[in-house]
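The values are calculated or read from the model by the stated rules, or taken from the named source; none is laboratory data. The structure displayed is predicted, hence computed values, not measured ones. Methodologically, a virtual Cβ is constructed for each residue, glycine included, from the backbone with ideal geometry; neighbour enumeration extends over all protein chains shown.
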Amino acid sequence: MANDLIYYLWLQCALGVSPALRTQEILAAFPRGAKEIYEASDYERRLAGVFTNMQLSRLRQIPISQTEILLEECARQNAHILSPQDAAYPARLLQIPGLPLALYVRGSLEALHDRLPLAIVGTRRASRKSVDICARLSTDLVHAGCAVVSGGALGIDSAAHWGTLHAGGSTVAILGCGLDINYPIENASLRAKIAESGGAVVSEYPFGTAPAAKNFPIRNRLISGMSAGVIVIEAGEKSGSLITANCAAEQGRDVFAVPGDAFGSTYTGGNKLIRDGAKPVFSAMDILEEYEFLYPNLLDMRRAERDLARASIEPEKVIVKSKPVGAAIMPPAKPKPTPHPTQPTSLSPLEQQILLLVSYTPQHVDHIMKAISAPYGELFAALMHLEMQALIEQSPGKMYTKK
């Protein structure tokens, strides 16, 4: 069967990539797979009743030698190509209509079957609050035994991937372009980190495919299809994340949404999902309890937090004094203790940079962001990791101090 890969690549070159492709019907009509289609006569292909006239024409026109270019490029790119007959092909994708005829993967194939996969999606222009929630939620899910799937985009996607990586978990990024295309360019280091850290970067688009706008709605069905459920964090009424949520509903996957401002346009999509039946998420437990009895050997419910909006310090430790109208409420500066003699060697360069910047006087996150150039998701994930290591702490109002 492994030798049949070249025929699946030929079939993909001929039929293209589309959610409307009747892949399941095509493979059911030719039970021996793509090689049987290649060897079939034009009459036999027409008799099967699963191809359009245009598709039949393409099957006649595309030479199998065209796939050799893809195989050579795959070897140069240090990537894998999977067909539906491969054991490493994600089992959940075999269940969806229009399943991909080929998947291009960089990283670990085990990540495609790792733990309980849950998708986290949302707007590319995420608020800092939503990015923080996303990073915390992905961390909680990883600690409980889940893997995180997302689209590798800016905003919520980035926060989901970085939060998972900082928690030591496995994450899968599904792209809307070829694996060799550096898009978005801001996330080049993220994609490399995912592949190097036991995760996987995946695309159904062949090498050289540019990130056209039409590709991403097509890609979204794979994000939901590879996952047991989809979690939407901050999505406008016309957000592409809603396409993923709709795909999830059509595929029989669970749909969750983090509620937001009832009158905020960036939360309208998620709020409407809740109105239409999506489960609201106030903590990782709201998600995990849906799978506790389905995957008892995969999940550790004791390691999940109960509150996404949890405070980083006890409320009684914050002394709030009367203030003039419009003035900010600031927690008092802590007495400066003896500095840590050395920084932990396990910290990333970004975390070490943050730790050098943060002092024993409260500093707002905006000050940190201006002083350190890093993507929102990566920065908040680093801050969260430092909190978990008890090296810094967060006070109300996004104020950070060294512990």
Original post:
Taking Thr361 and the conditions (1) surrounded by 15 or more Cβ atoms within 10 Å (Cβ to Cβ); (2) over 18 Å from Leu347 (Cβ atoms); (3) hydroxyl-bearing (Ser, Thr, Tyr), which numbered condition does it fall short on, given that it satisfies the others?
Top reply: (1)
**OP:** Would you be able to say whether some residue in region 107-124 is of a type in the set (Ser, Thr, Tyr) and either modelled with pLDDT under 95 or within 29 Å of Asn271 (Cβ to Cβ) (or both)?
**Re:** yes
Subject >> Of all residues in region 254-286 being outside any helix (DSSP H, G or I) and in contact (Cβ under 8 Å) with a residue 40 or more places away in the chain, the one that is surrounded by the fewest Cβ atoms within 10 Å (Cβ to Cβ) >> reply: Ser283
**OP:** Check region 298-315 and report whether any residue there is touching a strand residue (DSSP E or B) at 6+ places or on another chain (Cβ under 7 Å) and either at pLDDT below 80 or at positive phi (or both).
**Re:** yes
Original post:
Quick one: His340 ticks every box in (1) more than 30 Å from Thr244 (Cα to Cα); (2) modelled with pLDDT of 55 or more; (3) touching a helix residue (DSSP H, G or I) at 6+ places or on another chain (Cβ under 9 Å) bar one, so which box is it?
Top reply: (2)
Original post:
Restricted to region 17-32, and to residues that are part of a loop (DSSP other than H, G, I, E, B) and either modelled with pLDDT of 95 or more or among the β-branched types (Val, Ile, Thr) (or both), which residue is farthest from Gln66 (Cα to Cα)?
Top reply: Phe30
Original post:
Across region 366-403, which residue is nearest to Ser127 (Cα to Cα) among those that are of a type in the set (A, V, I, L, M, F, W, C) and touching a Gly at 6+ places or on another chain (Cβ under 9 Å)?
Top reply: Phe380
Original post:
Does region 147-165 contain at least one residue that is in a helix (DSSP H, G or I) and among the charged types (D, E, K, R)?
Top reply: yes
